[in-house]
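*Asks:* Please find one structure pasted underneath; my questions will follow.
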Amino acid sequence: MLVKNFLKYFILAFTALFTCLSSTSAAENKLRIIYIPLDDRPVCSAYAEETMAAVGAELLLPPAKLLASGERDGDAAALWQWLEHKAPLAAAAVLSCDSLLYGGLTASRTHHLSPLLLEQRLAALHELPKKLPLPIYLFSTVMRTPRTSFGRVEPPYYSELGPAIFAYSRLLDRESTNSLTYSEKLQKAALERNLHGPSLHDWLQRRKINFSVNQRLIAMAAAGNFPYLAIGKDDNAPLSATHMETRRLARAAFSLAKDDFQIIDGVDQLGLLLLARAFCKAKGLQPSVCVLYAPGAGAATLPQYSDSRLQDSVPEQIEAAGAHMTASPAEADLLLAVNTPFDGQVKNTTADDNKYFASPANKTFIARLQKAAALKKAISLADISYSNGADNGFMHHAAKAGLLDSLAAYNGWNTADNAVGYAIAQGLLAPYMKEADRRKLLTVRLIDDWFYQSNARQQAAAAAEKAGLPLARYQLGSFEGKALTIARDSCRALARSYPFFQGCDFTLSYPWHRLFEAEVKVK
């Protein structure tokens, strides 16, 4: 009996030890990536973390209190301390220069940091590879030039002077290429006289600082300090200060190969795009992507908030993710389906024609995607016919046709470039996910980008207007509870309309306490 009991306990102990060693080995083999995002918005932080967790990668994120939020700038000094503390635990790092230098994306547009402090932080970035002996993928931003802006995401004067500053920036761009007409010279002089002097000076000085910082980062990349640097641009136009500065930065980087440095359209998607790149490099993957455009303008489409046509910007984002393009759908690892307006004229999702009926072009494109799905090809859909949300008619018909079940990923949020970048990253990573995890990520994006952005958000905004709170969309305040109820009920009603969402339960929240973005969590 004693021998029998001894053998029993020996076997149990051995099994426990083996299980412990196996789990320790699995933990040691897990891909760990240090990640400092632009800020704590879901698309930059939570959604990126969930995507990488689905492929078995662990993101080492700073404590939330160190990141920029809707109410505060990030703590750049503390982020540097955290970075040096976490460094030995990771296989790669994806780092936002805006967070490390300024304290976040919003801070890069509103800061009053001294040149000496920025110089010290740039010097620390230059020395970082010596302290972090691992692949470091950096991303920075060109300061944007929005036509209008409200809230704390720009300096306070921009809510009033934004349109005039944007007009002025267009003239600066033309002047930089010696293209100003006599009439435009008069317009520029009038704007300089009439714009509030200190405000214009503040805006121009901060742009000068941002441009100088990006020049320094390019010089570091040219010196081989980092394996890859991306500089993103959003909220700009073919004539704008952002476009002008991008042109100059491209000239400064003429000697750098695309595998070392790129200027990318869009900003908010860069974190996940570079995480996908880090994953592919760590795993030795070289995936191929074939792009399928909807009938009509397709690749020639010039999206809102961009100075680049899709034929130029989409290939750049594919390369940024560590993949390459192929013209053959049969040879591709991923089919990137891009839903564009037939006439190439991208509107906001609030447009009157964004209704629940499909156009002939919609139906033709959906039929083409169904044929591709029948070949068991991974399809990631970038739905960019409208900015800031989905094409209701296209998605309604796609859902009724059963196409949603065939998608590896879906994205239709914010700008076209944001949606395309996320669609590329999540599409490339999808084959390495468990089916339940992939479907959960897909469901989150469908609810967020289609149900919320294209429908519920407008209903909540209309209710705020009716309540005499037109600015609640930028800062919800006491209206947040009411807005959340309206949005949640709207999204759940839409979910009940389509079999794909049967049995799906989810929650919504407003992490930045504004209507512009919600966080969706599928239970």
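The values are calculated or read from the model by the stated rules, or taken from the named source; none is laboratory data. These numbers were taken from a predicted model, which means no experiment stands behind them. Positions of Cβ are generated from backbone atoms using ideal geometry, with glycine treated the same way; all protein chains shown enter the neighbour counts.
For every residue, the table says whether it meets (1) surrounded by fewer than 20 Cβ atoms within 10 Å (Cβ to Cβ); (2) in contact with a helix residue (DSSP H, G or I) (Cβ under 8 Å, 6 or more places away or on another chain); (3) at pLDDT below 95; (4) hydrophobic (A, V, I, L, M, F, W, C).
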site: PRO163; (1), (2), (3), (4): yes, no, no, no
site: GLN187; (1), (2), (3), (4): yes, yes, no, no
site: ARG207; (1), (2), (3), (4): no, yes, no, no
site: PHE226; (1), (2), (3), (4): no, yes, no, yes
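*Asks:* Specify the residue that is nearest to the chain's Cα centre (by Cα); the eligible residues are those in segment 471-523 that are closer than 21 Å to TRP413 by Cα and of a type in the set (Phe, Trp, Tyr).
*Replies:* PHE516
*Asks:* Starting from segment 153-174, take each residue that is assigned by TED's automatic domain parsing to the domain that holds THR246 and list its partners that are among the charged types (D, E, K, R) and at pLDDT 95 or above, counting only C-beta distances under 6 angstrom and pairs at least six apart or across chains.
*Replies:* Sorted first by the residue in segment 153-174, then by its partner, the pairs are GLU154/ARG109; LEU171/GLU184; LEU171/LYS188.
*Asks:* Can you tell me which residue among LEU484, LEU442 is closer than 22 Å to PHE506 by Cβ, in contact with a Leu (Cβ under 9 Å, 6 or more places away or on another chain), hydrophobic (A, V, I, L, M, F, W, C) and surrounded by 21 or more Cβ atoms within 10 Å (Cβ to Cβ)? Give the steps one after another, and end with the answer.
*Replies:* Numbers: LEU484 fails: surrounded by 21 or more Cβ atoms within 10 Å (Cβ to Cβ).
That would be LEU442, the only listed residue that is closer than 22 Å to PHE506 by Cβ, in contact with a Leu (Cβ under 9 Å, 6 or more places away or on another chain), hydrophobic (A, V, I, L, M, F, W, C) and surrounded by 21 or more Cβ atoms within 10 Å (Cβ to Cβ).
*Asks:* Same structure, new question: I'd like the residue in segment 398-424 that is of a type in the set (Ser, Thr, Tyr) and part of a helix (DSSP H, G or I) and, out of all such residues, is farthest from TYR356 (Cα to Cα).
*Replies:* Filtering segment 398-424 for residues that are of a type in the set (Ser, Thr, Tyr) and part of a helix (DSSP H, G or I), the one farthest from TYR356 (Cα to Cα) comes out as TYR422.
*Asks:* Mind listing whichever residues of segment 431-471 are farther than 19 Å from ALA518 by Cα, touching a residue at least 60 places away in the same chain (Cβ under 8 Å) and in a helix (DSSP H, G or I)?
*Replies:* Selection gives PRO431, TYR432, ASP437, ARG438.
*Asks:* Within segment 120-141, is even one residue farther than 21 Å from TYR35 by Cα and modelled with pLDDT of 95 or more? Before the answer, list the steps.
*Replies:* Residues of segment 120-141 farther than 21 Å from TYR35 by Cα: 120.
The next check asks that each one be modelled with pLDDT of 95 or more; those that pass are 120.
Yes, some residue in segment 120-141 is farther than 21 Å from TYR35 by Cα and modelled with pLDDT of 95 or more.
A quick yes/no check of all residues on (1) buried (at least 24 other Cβ atoms within 10 Å of the Cβ); (2) out of contact with any helix residue (DSSP H, G or I) (no Cβ under 6 Å at 6 or more places or on another chain):
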position: ALA382; (1), (2): yes, no
position: MET395; (1), (2): yes, no
position: LYS400; (1), (2): no, yes
position: SER406; (1), (2): no, no
position: ALA409; (1), (2): yes, no
position: ASN418; (1), (2): yes, yes
position: PRO431; (1), (2): no, yes
position: LYS434; (1), (2): no, yes
position: ASP437; (1), (2): no, no
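*Asks:* Out of the residues in segment 334-376 that are buried (at least 18 other Cβ atoms within 10 Å of the Cβ) and not hydrophobic (A, V, I, L, M, F, W, C), which is farthest from ASN414 (Cα to Cα)?
*Replies:* SER359
*Asks:* Also: So ALA276 clears everything in (1) touching a strand residue (DSSP E or B) at 6+ places or on another chain (Cβ under 9 Å); (2) outside the structural domain of LEU375 (by TED's automatic domain parsing); (3) of a type in the set (Gly, Ala, Ser) except one condition, right? Which one?
*Replies:* Of everything listed in (1) touching a strand residue (DSSP E or B) at 6+ places or on another chain (Cβ under 9 Å); (2) outside the structural domain of LEU375 (by TED's automatic domain parsing); (3) of a type in the set (Gly, Ala, Ser), ALA276 misses just condition (1).
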